[in-house]
Every structure is written in structure tokens, then in C-alpha cells.
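First the structure, in the form of C-alpha cells, and then the observations on it.
The values are calculated or read from the model by the stated rules, or taken from the named source; none is laboratory data. Here the structure is a predicted model, which means the values were calculated and not measured. All Cβ positions, glycine included, derive from the backbone under ideal geometry; neighbour counts span all protein chains shown.
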Amino acid sequence: MENYKITTIQREKVSNKGKAKFLGFSGQPLFVEQVALEDYEKRGYVGLWSANEFWWAIMTLLFWDVIYAPVKGAVSFAINGSDQRIEPNPDELSFNKSFLPMIHINGMPADFYTPNFYKNRKSLFERKIHELNKSIIPSVLEKSHKIHYGLNCRPIEKWDRFTLEQLQFGINSFSKEQLIKLMQYLMEDFTYRRKGLPDLFLHNEEGPLFVEVKAKDKLSIEQESWLRYIKDELGIQTEVCVVNETTRTGLTNKEEDLGDDRFIEYLNEVEGLIKDKKLDEALNRSNEYLNALHEQNDDSWYMMYYQIAVIHAKEKRWEDALLNMGFVIYYLGRSGGVGHEQFARRLLKKLNKEDQYQKYVKIAQSHKPEYFKKELIKLLNV
């Protein structure tokens, strides 16, 4: 049984280049999420294109002292560049020497993207939730925003993406119980649940509304899971807004249908060009789509860096391939799946640097993309 209402919008498509754009009310080309937001605003809603990062920001600001607490797991070392790692206890000298520099450089604790993140801080999270239940939450968020604004923080990479007023709108649209419950659900399994939050967060006189926006693509498992949780557990209304779609045939929750049809189509096109050894054309198309994804803050961009790394490997440009794989690792917060790791190791082997794999991953995790290249060159000595 569906946990959401489906609404439809008819708009003229004006561009298929990269991510599709549609004609806005004022005649300007808009992404599908912007088209939907414009339509809801015309119907009396106020809100914003929130997606994942909006809720990451609220979570981080409310629970900053817990996320960055000096607990076991917050510091991790590779032993002599090997795969074996140690996690010193907070009372050990090595922990105290490394904790603050590591947080400053990485913008996150070492276990942030691991299943142990919540478990290592469970009692601290529970204590903080107890405090928040007795606090004026907008004041807590405002104070945290003022203190921490601009610091290196992986969950908030673009501090200017959302204003303090927008963040306050988000938390003021809930009951305190609903907000804390949402935050706790997100934090308990951040690695998995950080993706799939609905595109739009809206509010009118009837209360809050979460909306997932689709063109011809399908709901992912993560999106379906969030819609179900928001409706069933938080008691908040959810909708799926389909642009230029008049039936429900474009929606499914089957795993084999994950992702944007246009995006999958595009990946297939690039893979076909690679197979036909049209590498220049494949690279141009990859960069074109990558720029479109960055422009609309779509977190699928890391997949395009992987495609670009594959193209560079075909061209035997090992350093460039490693650079782009580093961007993938940075986004994922870890080395990725087995395939990603094997690919990166093969690239390092080509440069006789296979023993530097752990250092490579650490550099990729610790440095924003604009600084990664410089550190990679130092590691490879090229």
C-alpha cells in the first residue's frame, strides 16, 4: 500500500542536456524540483528545496557536541600503511595528540560513515535528546550556528546553501517530538539513511508536507523508506509530485529500477562510447553531465567522477584516474565497495605505489576536492 499521495504537473520540457529542465511560470528554465516548488507555492505553501543536506545541517547543529565528542572510534590509524587499523581509547596519549588535528582536517570523526558511529555515542545522544526536550530548540540551533559557522564540517560542506532563517523554518514546522524523532532516526544509521530524504519541505495552515519530485524516474528504496517512515512514524503527510506524468506507471520500489531513467540512459551512453574507444567524446559527455549535477546539488555527481576515472585509466592517465577516484572516496566517506577498492589499488600499482593505498584513502577522506590534488601529487611524488 502506498504511503503517499501522487500529484501531477504538466510543464513544457525545454532542455534535455544533462539534467532535464522545464519551463517555469516566468518563462525561465527550471530543474524539476524547482518547477514543483513553484507549483506548490502558487497553491499557498511556503517551503524550500531541502533534499538531504538540509536535514544533515539541522542534525549537525543540534548535536554538534555529540558528533565531535572525543570517544573511542573518533580517531583511527592505519598501521604502517596496511589495512589493519587501531582505534586508541580517549585516555591514551595517541588519541589526545590526534583528536583535534584530525577533526580539524577531516571535518568529521573517523567513524562518521561507519555502523559504529551511533553506537559509540549512544549514551551521549540519549543525554542530548533529553536536554533538547527541555530546551527551546530554535535557540539551541541559532547558538550552534553562530559558534560553528564556517568550520570544516563534512555534513555541512556549503555553509551558505541554507540560511539560518531557512533552518529555523524547518524546525519550527514540527512539533518538538516529531523533530527529535526524525533526527534520531537519521543518526541511528546515518550511513544508509543520509540519502533518500524527500526533495521538498513545505508548510501551510494544515501543517508540514514532504514531497519527493519525479519526472520519469522511479522511487529508490531509500526514498520509499523515508516516505513510509515520515507518514507512519511521524504522522506527517507525504506526496510524490510527478512532472509531465499522468499515470502511476513511472513509479516503483523495485530495486532493479533504482535511479533516474535519464541518468541511467546517460551512463549507458558513456559506457558505450568507452567500449567503442571514443574516449574524448566519452570524457566530454561525462564532464557535461557532471557540471549539470553539481549545478542542481544532485548527490549522484560522485558516480560521474567514477566514470571519468575509468576513462582516464583507459588512456593510461593513472594520476588523473586516482584524482577522480579520490573524489568518489571523499563523497562516500570511505573507500567504497570492493570494486572501487580493487580499481584504486590497480591504479596505484601502475605507479608502483600499491603500498600507499591506506594513505591514499586517508588523504581522499580528509581533504576537500579542491585541495586533494596537491596532497595526491605529494604522495605519488610526481
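List of remarks:
- Residue among Leu202, Leu186 that alone is of a type in the set (A, V, I, L, M), over 30 Å from Tyr68 (Cβ atoms) and modelled with pLDDT of 95 or more: Leu202
- The requirement of being closer than 27 Å to Leu100 by Cα, over 18 Å from the mean Cα position of the chain (by Cα) and not aromatic (Phe, Trp, Tyr) is not satisfied by Leu186.
- Residue count, region 191-207 (criterion: surrounded by fewer than 21 Cβ atoms within 10 Å (Cβ to Cβ) and either assigned to a helix (DSSP H, G or I) or not small (Gly, Ala, Ser) (or both)): 9
- Unmet criterion (only one of (1) surrounded by 15 or more Cβ atoms within 10 Å (Cβ to Cβ); (2) at pLDDT 80 or above; (3) closer than 29 Å to Phe190 by Cα) for Tyr302: (2)
- Residues that are more than 20 Å from the chain's Cα centre (by Cα) and modelled with pLDDT of 90 or more number at least 3 in the following helices (runs of 4 or more DSSP H) confined to region 30-120: 32-42.
- Candidate set from region 190-218 (those that are in contact with a strand residue (DSSP E or B) (Cβ under 6 Å, 6 or more places away or on another chain) and of a type in the set (D, E, K, R)); member that is nearest to Lys21 (Cα to Cα): Lys214
- Pairs where the first residue, in region 157-175, is assigned to a loop (DSSP other than H, G, I, E, B) and the second is surrounded by 13 or more Cβ atoms within 10 Å (Cβ to Cβ), C-beta under 7 Å, 6+ apart: Trp159/Tyr149; Arg161/Glu53; Phe162/Phe54; Phe162/Ala57; Ser173/His203; Ser173/Pro208; Phe174/Pro208
- When residues of region 350-371 are limited to those that are of a type in the set (Phe, Trp, Tyr) and modelled with pLDDT of 75 or more, the one surrounded by the most Cβ atoms within 10 Å (Cβ to Cβ): Tyr360
- Residue check for Gln178: farther than 23 Å from Lys231 by Cβ and surrounded by fewer than 19 Cβ atoms within 10 Å (Cβ to Cβ): no
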